[in-house]
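Since every read-out is calculated from the coordinates, none of them should be taken as a lab result. Worth saying up front: this structure is predicted, and the values here are computed from it rather than measured. Glycine also receives a Cβ, built like all others from the backbone with ideal geometry; neighbour counts cover every protein chain displayed.
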Amino acid sequence: MKKVLLPLLGLALAVSCGTTKSSEAASAQSSSVAKGDKAFLSAYKMIKADELKKNLYVIASDEMGGRDTGSPGQKKAGEYIVNYYKALGISSPKALGSYYQKVPAEFMKKRGGGNLPDSENILAFIEGSEKPEEIVVISAHYDHVGTKNGVVYNGADDDGSGTVAVMQIAKAFQEAKKAGKGPKRSILFLHVTGEEHGLFGSEYYTSNPVFPLANTVVDLNIDMIGRDDQENRGKQYVYVIGSEMLSSELKVINEAANKRSNNLELNYKYDDPGDPQQLYYRSDHYNFAKNNVPVAFFFDGIHEDYHKPTDDPEKIDYPLLEKRTQLVFTTAWDIANRPARIVVDKK
Ligand SMILES: [Zn+2]
């Protein structure tokens with residue numbers, strides 16, 4: 001999660017509320033995730049706290065040096081992610097020919113990134129069985145703020161939690177695919193770089209998309225889902241931001257997915273572009289939203305270890321991380337498998 005607020009430049013967009021006819025239709029169509037759906041259930045069960053924990057202890061270890069953009073530690077974390085996908089047999093997008101999309105230093109410099117070195121987004125891809133040209137993006141940034149005065153900022157929650165959630169969701173979809181129940185639409189697992197310095201990796205991807213943005217159905221972005229904030233201490237909740245900004249169906253689908261999974265309290269406190277915290281603009285989904293791709297951003301709040309060296313893996317609530325990951329998976333499953341692509345009917 002990016003610390004500094006983005007300049008607003010008159011981006012005051014209105015959030016509309018309430019249920020509409022098309023959202024009722026979306027709800028009715030949500031039978032693409034039936035409770036008794038065996039393939040769904042066995043994939044869902046692949047998302048486990050102990051595996052999330054195992055990966056997070058690596059991603060957020062001191063060895064990764066806080067994963068600053070372009071640093072050797074970040075590259076090491078990237079290698080771990082790529083090797084994970086290789087081991088699962090999940091390939092990179094053919095059109096890219098690599099798991100790595102280079103984000104050039106020059107691109108970041110022009111946008112105020114100073115002298116950051118070249119860095120990379122990491123892309124893994126599962127091709128859809130029926131509508132392969134339609135792309136569901138599940139994103140999280142894998143950079144963090146690095147090491148300062150010899151102290152490593154491990155960024156376990158920010159955004160190690162999102163990173164390992166995306167990896168685990170990919171594993172679940174791959175398991176379903178092996179069982180002959182792969183997603184109907186394609187899924188892009190997008191680990192972006194340069195988020196903390198200014199959402200650079202997602203801006204680069206959306207400026208140089210590997211798949212046309214016009215065919216990109218949704219971006220489900222995960223940035224910090226392993227902790228709780230003061231206000232929600234001990235609660236089973238997650239903040240959801242942006243889900244009704246562009247599509248009248250997405251919020252409805254996510255709420256139905258939540259009921260089918262862990263029935264978390266969905267908190268919409270920050271779901272307002274006019275909110276003083278400006279969270280709608282502060283993570284990578286925003287670069288998709290500004291290109292008219294519907295987004296939902298999953299987030300746990302600003303807690304006491306946010307952007308501190310104490311954002312460590314031992315402070316993560318792993319059972320809650322598992323539940324939130326299962327929610328995103330369930331929503332992604334529905335969007336990837338429902339008969340019709342979700343609508344973009346709001347501006
Ligand atoms: Zn951050």
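Per-residue Karplus couplings for the range 341-347, computed as 6.51 cos²θ - 1.76 cosθ + 1.60 with θ equal to phi - 60°, are listed in order as 4, 5, 7, 10, 10, 9, 10 Hz, Gly and Pro entered as x. The distance linking the range 116-178 with the range 257-280 is 21 Å (Cα centroid to Cα centroid, whole angstrom). Put simply, the amide H of Met224, placed in the peptide plane, has neighbours under 5 Å in Ser161, Gly162, leaving out anything fewer than 5 places away on its chain.
The 3J(HN,Hα) values that the Karplus relation (6.51, -1.76, 1.60; θ = phi - 60°) gives for the range 248-264 are, in residue order, 6, 9, 5, 4, 5, 5, 5, 5, 5, 4, 5, 4, 6, 9, 10, 6, 6 Hz. Gly and Pro appear as x. When the alpha carbon gyration tensor of the range 21-337 is reduced to an equivalent ellipsoid, its three semi-axes come out at 27, 22, 20 angstrom, largest first.
Considering only DSSP beta bridges with both partners in the chain, what is the antiparallel share in %, to the nearest 5?
Details: 15 of 35 bridges.
Taking every DSSP beta bridge within the chain, about 45 percent pair in antiparallel fashion.
By other beta-carbon atoms within 10 Å, ranking Ser161, Ser202 with the fewest at the front produces Ser202, Ser161. If only the Cβ of Lys and Arg carry +1 and only the Cβ of Asp and Glu carry -1, the dipole of the chain around its Cα centre is close to 960 debye. When the Cα positions of Thr330, Gly201, Gln277 are compared along the charge dipole of the range 200-346, Thr330 comes out farthest toward the positive end, with charges on each C-beta of Lys, Arg, Asp and Glu.
Taking θ as phi - 60° and the Karplus parameters 6.51, -1.76 and 1.60, the scalar couplings of the range 284-296 work out to 5, 4, 4, 5, 7, 4, 5, 9, 6, 8, x, 9, 9 Hz in sequence order, x denoting glycine and proline.
Across the options Asn121, Ile342, Val240, the greatest Cα extent toward the positive end of the charge dipole of the chain (unit charges at beta carbon of Lys, Arg, Asp, Glu) belongs to Ile342.
Considering only DSSP states other than H, G, I, E and B, which trypsin sites (Lys or Arg not before Pro) in the range 165-247 qualify as loop sites with at most 14 other Cβ atoms within 10 Å? Passing sites in the range 165-247 are Arg233, Lys235. May I ask for the distance between the Cα centers of the range 183-254 and the range 310-346, given as a whole number of Å? Each part reduced to its Cα centre gives a spacing of 9 Å.
Placing +1 on each Lys and Arg Cβ and -1 on each Asp and Glu Cβ, with no other charges, gives the range 220-347 a dipole about its Cα centre of roughly 540 debye.
How large is the helix-only mean residue ellipticity at 222 nm for the chain, computed as the sum of -39500 (n - 2.57) over DSSP H runs with n ≥ 4, divided by its residue count, in deg cm²/dmol to the nearest 500? Walk me through the intermediate numbers first.
Working: 11 runs with 115 residues, N = 347.
Value at 222 nm, helices only, nearest 500: -10000 deg cm²/dmol.
Sorting Asp118, Asp157 from the fewest to the most surrounding beta carbons within 10 angstrom yields Asp118, Asp157.
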